[in-house]
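What follows draws every value from the coordinates through simple rules; no lab data is involved. Fair warning: this is a prediction, and the values are worked out from it, not measured in the lab. Note that we place each Cβ from the backbone using ideal geometry, even for glycine, and neighbour counts take in every protein chain shown.
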Amino acid sequence: MANATAKARSIDREQTPSYSSAMTESEQKDPLDSEMERLSGRIDTMLRLCEELRVENQSLRSQRDQLTAERARLVEHLDIARTRVEAMVSRLKALEQET
């Protein structure tokens, strides 16, 4: 009897159309189309973001290069000023020893 019941259930399943085959072709495409549109929109958004980040990154690299060059100039000026101050201090000590 259990075999007969199991056989009847399997026959019922075979005769019942599945959900996806019961859908019309247009109904099957709509979810795919909307998913594709959603993914396409996300890809477009990501591409725009990538471009914005590329431009920003380029700008930041340029600023970094300018600041690095400015820092090098300032370090050079500081070294020149330090040398001059040391030379003045040496002259003042020499004058002080003469008197």
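Using only the alpha-carbon atoms of segment 41-92 as identical scatterers, what base-10 log of I(q)/I(0) does the Debye formula give at q = 0.15, 0.18, 0.19 Å⁻¹?
With no solvent term, the Cα-only Debye profile gives -0.62, -0.71, -0.73.
Suppose every Lys and Arg Cβ carries +1 and every Asp and Glu Cβ carries -1, with no other charges. What dipole size does segment 27-67 come out with about its Cα centre, to the nearest 20 debye? Don't skip to the answer; put the middle values down first.
Numbers: 7 positive and 10 negative charges, 76 e Å.
I would put it at about 360 debye.
Lys and Arg at +1, Asp and Glu at -1: add these up for the other residues within a Cβ distance under 15 Å of Glu86 and post the number. Mind dumping the intermediate values first?
Details: positive: Arg82, Arg84, Arg91, Lys93; negative: Asp79.
Around Glu86, the surrounding residues sum to +3.
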